[in-house]
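*Asks:* Got a structure for you, questions after.
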Amino acid sequence: MKIIKGNLFRHRQCKYGNFELQPDKDWSISYSFIDYESGLLIVSTNDDNKNHWENLGYNGRQIPSKKYVIDLDNLKILSAKEWSAFFNYESKISYSSDNKFKLTTQRIHHPEDNIDTIQEKLEFIESGHISTSESLAFSDQKRENLLEKTIRMIEENQEKKKTIRN
């Protein structure tokens, strides 16, 4: 992947600025977005050469892909070490306003895949029940955490019960 910068005399067409993203030979850009949390540009490319695709039998084919993380301020493709500096990898604990739920959240880096995930554990304090989730960390929207999702679902269920009773 190359970043071709535009200048005063030659403007480049990219929806993210005056530059052009040029994938490697036989590769194409499958998607791109600005990460909500960091403001970094996330670009995913796929190998268009079908000879490189892995045949999985009845499960289809696996297409090789690469992800790039780009700092838009410097127009630079960042290494994992460089882009990981934008994030906090420490475990965070929070509680619901009524103290009925305890949420533990941690961002985890997976160097073998060059990605980050968010791991969450939600404890229902009164019952001791534990719910967990894991999701990709890069997202173009604000992420709904497991506590927010649980509270939203409880409120929606209460509204449904209320509607049915009336």
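The values are calculated or read from the model by the stated rules, or taken from the named source; none is laboratory data. Computed from a prediction, not measured in an experiment: that's the story for all the values here. Cβ: placed from backbone, ideal geometry, glycine included. Neighbour counts: every protein chain shown.
*Asks:* Out of LEU146, LEU122, I need the residue that is surrounded by 11 or more Cβ atoms within 10 Å (Cβ to Cβ), touching a helix residue (DSSP H, G or I) at 6+ places or on another chain (Cβ under 8 Å) and either among the hydrophobic types (A, V, I, L, M, F, W, C) or over 30 Å from LYS67 (Cα atoms) (or both). Which one?
*Replies:* Criteria check complete, one pass: LEU122.
*Asks:* I've got another one for you. Would you check which residues across region 122-135 are free of Cβ contacts under 8 Å to residues at least 24 places away in the same chain, touching a strand residue (DSSP E or B) at 6+ places or on another chain (Cβ under 6 Å) and of a type outside the set (Gly, Ala, Ser) and list them?
*Replies:* GLU123, ILE130, THR132, GLU134
*Asks:* Can you confirm whether SER79 is free of Cβ contacts under 8 Å to residues at least 12 places away in the same chain, under 30 Å from THR45 (Cα atoms) and not aliphatic (A, V, I, L, M)?
*Replies:* yes
*Asks:* Among the residues of region 14-40, write down those that are over 12 Å from ILE4 (Cβ atoms), of a type in the set (Asp, Glu) and modelled with pLDDT under 95.
*Replies:* ASP24, ASP26, GLU37
*Asks:* Moving on. Return only the number of the condition from (1) in contact with a Ser or Thr (Cβ under 6 Å, 6 or more places away or on another chain); (2) more than 30 Å from GLU123 (Cβ to Cβ); (3) not in a strand (DSSP E or B) that ILE29 does not satisfy.
*Replies:* In the conditions (1) in contact with a Ser or Thr (Cβ under 6 Å, 6 or more places away or on another chain); (2) more than 30 Å from GLU123 (Cβ to Cβ); (3) not in a strand (DSSP E or B), ILE29 misses (3) alone.
*Asks:* OK, next. Name the one entry in ASN157, ASN49, ASN59 that is more than 30 Å from ASN18 (Cβ to Cβ), of a type in the set (S, T, N, Q), without any contact (Cβ under 8 Å) to a residue 60 or more places away in the chain and loosely packed, with under 10 Cβ neighbours inside 10 Å.
*Replies:* ASN59
*Asks:* Check THR45 against each of (1) more than 20 Å from ASP73 (Cα to Cα); (2) assigned to a loop (DSSP other than H, G, I, E, B) and name the one condition it does not meet.
*Replies:* Result: THR45 fails condition (2) only.
*Asks:* Only one of ASP113, ASP35, ASP98 is charged (D, E, K, R) and either on the phi > 0 side of the Ramachandran plot or touching a strand residue (DSSP E or B) at 6+ places or on another chain (Cβ under 6 Å) (or both); which?
*Replies:* ASP35
*Asks:* Quick check on region 30-42. Is at least one of its residues exposed (fewer than 12 other Cβ atoms within 10 Å of the Cβ) and under 24 Å from HIS110 (Cβ atoms)?
*Replies:* yes
*Asks:* Taking the residues in region 65-101 that are touching a helix residue (DSSP H, G or I) at 6+ places or on another chain (Cβ under 8 Å) and either of a type in the set (Phe, Trp, Tyr) or in a loop (DSSP other than H, G, I, E, B) (or both) as candidates, determine which candidate is nearest to ILE4 (Cα to Cα).
*Replies:* The extreme case among them is SER96.
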